[in-house]
1. Filtering segment 126-136 down to residues that are outside any helix (DSSP H, G or I) and of a type outside the set (Phe, Trp, Tyr), which residue is farthest from Ile56 (Cα to Cα)?
2. Does segment 131-146 include one or more residues that are free of Cβ contacts under 8 Å to residues at least 24 places away in the same chain and either of a type in the set (Ser, Thr, Tyr) or assigned by TED's automatic domain parsing to the domain that holds Lys17 (or both)?
3. Regarding Ala172, is this residue within 18 Å of Val51 (Cβ to Cβ) and without any contact (Cβ under 8 Å) to a residue 40 or more places away in the chain?
4. State which residue is farthest from the chain's Cα centre (by Cα) when the search covers only segment 86-125 and only residues that are assigned to a strand (DSSP E or B) and without any contact (Cβ under 8 Å) to a residue 40 or more places away in the chain.
5. Just the residues that are farther than 23 Å from Leu26 by Cα and touching a helix residue (DSSP H, G or I) at 6+ places or on another chain (Cβ under 8 Å), please, taken from segment 66-85.
6. Go through segment 137-178 and count every residue that is aromatic (Phe, Trp, Tyr), buried (at least 16 other Cβ atoms within 10 Å of the Cβ) and part of a helix (DSSP H, G or I).
7. List the residue pairs whose Cβ atoms are under 6 Å apart, where the first residue sits in segment 155-166 and is assigned by TED's automatic domain parsing to the domain that holds Arg91 and within 11 Å of Arg21 (Cα to Cα), the second is surrounded by 14 or more Cβ atoms within 10 Å (Cβ to Cβ) and among the polar types (S, T, N, Q), and the two are 6 or more positions apart or on different chains.
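The values are calculated or read from the model by the stated rules, or taken from the named source; none is laboratory data. Please read these numbers as outputs of a predicted model, since none were measured by experiment. Cβ placement follows ideal geometry from the backbone for every residue including glycine, while neighbour counts extend to all protein chains displayed.
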Amino acid sequence: MANILLLYSTVYGLSKKICERIQATLRDQGQFAEVAPLAGGVDPAAYDAIVIGASIKHGKHHPAVLEFIRSHKGLLDAKPSALFSVNLVARKPGRNTPQTNPYLKRLLAKSPWTPKLTGVFAGELDYSRYGPLDRQMMRFVMWINKGPTDLATQVQFTDWDEVDRFAGRVAALADSRG
């Protein structure tokens with residue numbers, strides 16, 4: 001049984017929810033997984049495998065994601081490790097894979113680490129959570145991209161079956177450790 005660390009960087013909580021879903025799926029498969037915030041001070045060296053989940057705000061992952069990767073590159077290279085991105089662009093066909101998602105591709109291009117497994121999950125749109133400026137910015141972005149623009153919109157685009165499949169790939173990756 002592997003001991004897997006699921007780290008998250010989140011703005012509104014969806015990356016954490018996805019990590020918790022992966023944790024539940026891994027437990028169902030006989031694995032142990034702990035969910036923790038990326039900046040929470042957990043020692044990743046104590047785990048057999050590491051997964052990082054990161055969401056987008058204003059078109060970027062939080063700078064702490066790259067800081068963590070740079071600080072722990074040797075450890076991430078030495079252990080089974082994975083990275084997933086959560087963003088609204090992933091709701092669109094042709095933008096919902098690691099190979100086609102512009103946000104994950106941009107993060108990987110800046111990263112000194114090449115994860116052994118990558119994933120992309122569509123985020124959620126909830127105008128009620130945004131401040132006035134962000135609300136209007138998101139509405140404009142959605143209008144440009146032919147997404148929902150009604151300010152009452154609260155929709156989660158996450159494909160939970162895909163999250164479960166990703167969790168299965170994480171379990172296989174963790175089991176492959178030397």
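1. Once the filter is applied, the top-ranked residue is Gly131.
2. no
3. Yes: the conditions hold for Ala172.
4. Among those residues, the one meeting the criterion is Leu125.
5. Scanning segment 66-85 gives Leu66, Ile69, His72.
6. So the count comes out to 1.
7. Asp164/Thr25
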